[in-house]
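This report concerns only the one structure given below.
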Amino acid sequence: MGIRFILMVNKQGQTRLAQYYEWLTLEERRALEGEIVRKCLARTEQQCSFVEHRNYKIVYRRYASLFFLVGVDNDENELAILEFIHLLVETMDRHFGNVCELDIMFHLEKAHFMLEEMVMNGSVVETSKANILTPIQLMDKAS
Amino acid sequence: MSGPSLMDSLFQRTLEDLIKGLRQQLIGEQAFISKALEEIRKEIKSTDLSTKSTALLKLSYLSSLHFHDMSFATFHALEVLSSPRFSHKRIAYHAISISFHDSTPVLLLITNHLRKDLSSTNEFEVSLSLQCLSRIANVDLARDLTPEIFTLLSSNKLYVRKKAVAVVLRVFEKYPESVRVCFKRLVENLENSDPQVLSAVVGVFCELASKDPISYLPLAPEFYKILVDSKNNWVLIKVLKIFAKLAPLEPRLAKRVVEPICDHMRRTGAKSLVFECVRTVVTSLIENDSAVRLAVGKVREFLVDEDPNLKYLGLQALSIVAPKHLWAVSENKEFVIKSLSDADPNIKIESLRLVMALVSEHNVAEISRVLVNYALKSDPDFCNEILGSILSTCSRNVYEIIVDFDWYVSLLGEMSRIPHCQKGEEIENQLIDIGMRVKDVRPELVCVSRDLLIDPALLGNSFLHRLLSAAAWVSGEYVEYSRNPLELMEALLQPRTSLLPPSITAIYIQSAFKVLVFCLLTYLMQRGSTASSMFPDNLPSAVSASVSYESFDDLSVENVVDATDTHGPTCTSASITNESIVNLLNLVELALGPLLGSHDVEIQERARNVLGFVDLTKLDLLNSSVQEENDSERKGAEASKTIELMHGAFSKELGPVSSSAQGKICLPDGLMLKENLGDLEMICGDIDQPSSNSFSFGSPYEEKGGVSFSNLQIKENSRQSNESTSLLAEHRKRHGLYYLPSGKSEMISNDYPPANDPMLLGNINDNADDLVKLTEESLTPKRKPNHAKPRPVVVKLDEVDEKPESKEDSLSGAVHDVLFGSEDIVPTSSQSNLSDMPSSKRKGKEKQHTDSHVESKENLVDHGNPSSRRRKHHSHGKERRHRSPRKKNAEERKDNGQKLKEKSSHRHGMHKSGQRAEEPFNFSVQTPVIPDFLL
């Protein structure tokens, strides 16, 4: 399993989206998110985007006020994960139009849906923005 | 409690209301959430599915972002799942995938829902249930839904097919039997031209291959095709990962893939793909020089890039290459060393690792010097990181790379004075270890220890206490090499030792005891020899320690006169005078007296020992000066006898003892060691064997006798009294009472400066450029002239050292036997199953080229005809390795573990898949072989 979890966290350290690809209890998740957020948010722009934490490698990138943090296995390709984060942001941008933290807050289920189109079982399965967004647009039309 | 009324449903808050409320609440987040949860608990019991699903949606939100338990709603989630409306289903599936896990009680109830949705005509419903299955599937779900997955694997809707492919990974993991059913179709998808499906299926194989690469070797041609043809970087990266696993297993394959990988590396503009190629080359194709050279070239591009990410990855790649191709690191050493001062601690640590990889016998001194200076200026974390890596590198393989131990010991001393140093424990171990292993370094070791002990500022740093205990032990044990034992005594008994923890104070007292005995004995000897030099005819009696004291009075006077000019840190024997002995004994009494009341048993007892000894000898030694000659002679002889005895007790040398030494002791007759302890083995079995170069005190190292005074080794080049002496002097001034009188004049009057003020150390390279320059020089592998000095003997317990290793091997071998049975080829059941399939597929494929699809059809349709299949297999038999019956048994045994309980229901309920699952048992008579796809 390449990707273990995906987090979106704002500058204040509040989690805005959390998607796990392995089962963790609430307590484990709370501890993990706390540690990671503390570690990553303290880093500066000049530092690299990779942090080792426990047995994960965290690849993160900041977009405006939101941090995108992806926990991966140790032999995952860090640069590819950065590209994946970028793809995710672009996809959301295309859907919401100039995406911001509030879009994700109020349309959490859509953000989840996009993630589910892109990642299954911890590996990236879809990388075309059009393919990712087609089902969600259909659903929007239907409802 | 009654269900919610109609009004409740009408005025139910939506998720949006909840989120807005959370942002605007005035009653505190926790209070607001618990109120909302209360509402949710009510609403979720509603019979109206809309109300229920909204409640579930809100609950999922709170659970996912605010960590609130939603296990109470698992059954409600199932109810919402049964709704015919897609939007409800979506909510339910999301809730289920975040809240269900293997031990959720209602998990069994979901099977039929999933099955229904998996065979739905609405592809989005199918996709929802596949996604859900990929998150929650357990053994039962995986088993029961295998037929549906199998069907979906060849669905003509690509959207569904790609998700079915992705879910297969989880199903295989949970229910290995399903491999027999689905593997074929999975492999067929590998040839699918659709990029969506291809990316999913490659992802699955990448994961499978990372766990058990050997089973997937037969698929190499397919992967190779993708490697050459695919234009999708995501897919290429995954395929490269697969090859990184496969290439080491099959040298011919490695040769074959090098070219396309290098092509990709040269052509592509995507950094991620370049990096993956580099990583594949440096991990798996390390033998191929031209590829490694190309990869290192790319790494260089990364290193010079502005982007810290690329820099970090470049350094990481270098550290993978380093063990096999050190030239790659030395070619890039300027970057590596420059990165030591990077803004990012992660990059700094990576570059530190690389610098340490460059260390060799020739440059260890220079590199360490540079790094220690650098550590002085670094932040505490990185400082300790540096110190830790110097310590571990230098002590590797029993100090393999150290030639000049004097230098290393003084480096240890210097390191412990770095203000942030927290490596006291490690330095402690090394000081003692070196003391015992390297005889030639002891004078320097004592010298370094003295400098550490004498510095009152070090006592304030609790991280260094362990280190001070080592210094105290060394100076007591090897006191005969000391230039000035009296000074040592002062250092050991200085008032600030009260800052030490009791266990270490005890070591101080014990060392003080040894020093005291040594001083007294030296004094006696000296008196004897002076006497004998004055009375040459007395020579024989003077050589033995039982000296005659005829001219005691004259002697002492002379010595006092002497003392005025011989005082100070010069030769030992000259400085011990009658007066100084009196002072010494007074000092001991003064310092240890209060400790008699200590609450710590160890301290109390040792202090009492020392004081008792002082009592015993003091009277005799000192009174003799005022009594008549013949009386003093007798008494003095008595005292000196005691002193000699004590010295004899201390002069047994301790040597390193291998931790496996006990194994060499043969078993005495009649001792039944294993009789009652057999059970213990199970408990202790998992405790690791200590590493071979660890040592323990306790048993004396017999072959060297006590060190006699005649070969007292005293370093002649008297060292200038340094900073720390002046610190002590300053302390002495303030607490004069506790010190021996001294003739020296002191002038420094400051409070303790920090142990090692970076400013004071002059000559620190202030920027990284200097650092680079310095190391540049040191990294050039030149033979250093000052290595003319031969490397001292380092005591290694070679023959013993090997022992634990082999023992460990047999131990792990035994564990391996127990755990894995006899299978070293077949690590787990799932893998052994998997290993069948590729070969069957392989065979199918080979036939495909000639007989079209006959064989594969047969496998699917004609499962009642084993004999014809077997015949076919025999025709391919020559390509197969024969599976030994043992291996098959092991496989079956393992399978049974998982299967037993499932099998009964499975075989009856799931006739179709059960039948199919039996097929591979016919296969398993033969074995998978790696067909020679490369030739």
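The values are calculated or read from the model by the stated rules, or taken from the named source; none is laboratory data. Computed from a prediction, not measured in an experiment: that's the story for all the values here. Here the Cβ positions follow ideal geometry from the backbone for every residue, glycine too, while neighbour counts run over all protein chains shown. We work out accessible area using only protein heavy atoms, side chains counted, and drop any ligands, DNA or RNA first. Shrake-Rupley method; radii C 1.70, N 1.55, O 1.52, S 1.80 Å.
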So which residues in segment B:266-280 end up with at least 40 square angstrom less accessible surface once the other protein chains are there, compared with the chain by itself, probe 1.4 angstrom? B:S272, B:R279
Links that overshoot a 18 Å alpha carbon limit, given the list B:K241/B:K271; B:K439/B:K641; B:K271/B:K298; B:K89/B:K116; B:K162/B:K238; B:K211/B:K238: B:K439/B:K641
Under the rule rounded for a/c under 1.5, else prolate if a/b exceeds b/c, else oblate, using alpha carbon gyration tensor axes a ≥ b ≥ c, segment B:308-440 is classed as oblate
Sort segment B:409-458 into rounded, prolate or oblate with this rule: let a ≥ b ≥ c be the square roots of the eigenvalues of the Cα gyration tensor; rounded if a/c is under 1.5, and if a/c is not under 1.5, prolate when a/b is larger than b/c, oblate otherwise. oblate
Probe 1.4 Å, all chains present, heavy atoms only: B:K338 accessible area in Å², nearest 10, is 110 Å²
Might you work out the accessible area of B:S360 for me, using a 1.4 Å probe with all protein chains in place, and round it to the nearest 10 Å²? 40 Å²
Which residues of segment B:144-169 show a drop of at least 10 Å² in accessible area when all protein chains are present, compared with their chain alone (probe radius 1.4 Å, heavy atoms only, ligands and nucleic acids excluded)? B:Y159, B:K162, B:K163, B:A166, B:L169
Quick check: with the 1.4 Å probe, what order do B:K157, A:K141, A:K57, B:K664 take by accessible area, largest first? A:K141, B:K664, B:K157, A:K57
Residue (of B:G269, B:L246, B:V187) at the positive-pole extreme of segment B:128-269, dipole from beta-carbon charges: B:G269
Sites matching GluC sites (Glu not before Pro) across segment A:6-83 that sit in DSSP coil, with at most 10 neighbouring C-beta atoms within 10 Å: A:E45
Hey, which of these cross-link pairs are over 23 Å Cα-Cα: A:K57/B:K348; B:K333/B:K423; A:K39/B:K338; A:K110/B:K45; A:K141/B:K45? B:K333/B:K423; A:K39/B:K338; A:K110/B:K45; A:K141/B:K45
From the square roots a ≥ b ≥ c of the eigenvalues of the alpha-carbon gyration tensor of segment B:253-293, which class results: rounded (a/c under 1.5), prolate (a/b over b/c), or oblate? prolate
Report the B-A buried area as the accessible area lost on both sides summed, probe 1.4 Å, in Å² to the nearest 100. 5000 Å²
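Tell me the carbon and sulfur percent of the accessible area for segment A:3-142, rounded to whole percent, probe radius 1.4 Å.
Numbers: 2530 of 5220 Å².
Roughly 48 percent of what the probe reaches on segment A:3-142 is carbon or sulfur.
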When ranked by the protection proxy of mean other Cβ atoms within 10 Å per residue, highest first, what sequence do the peptides B:48-58, B:90-100 form? B:90-100, B:48-58
In whole angstrom, and with the biggest value first, how far do the Cα coordinates of segment A:3-142 range along each principal axis? 43, 31, 28
Going residue by residue through segment B:237-249, the Karplus relation 6.51 cos²θ - 1.76 cosθ + 1.60 with θ = phi - 60° gives ³J(HN,Hα) values, rounded to whole Hz and with x marking Gly or Pro, of 4, 5, 5, 4, 4, 4, 5, 4, 7, 7, 4, x, 7
Residue-normalised accessible area of segment A:3-142, given per residue in Å² at a 1.4 Å probe: 37 Å²
Rounded to the nearest 500, what is chain A's calculated 222 nm mean residue ellipticity when only DSSP H runs of at least 4 contribute -39500 (n - 2.57) each, over all residues? -14500 deg cm²/dmol
Which of the GluC sites (Glu not before Pro) found in segment B:459-517 are in a DSSP loop and have at most 13 neighbouring Cβ atoms, other than their own, within 10 Å? none
Compute, for B:T121, the solvent-accessible surface of its heavy atoms (probe 1.4 Å) with the complete set of protein chains present, and express it in square angstrom to the nearest 10. 130 Å²
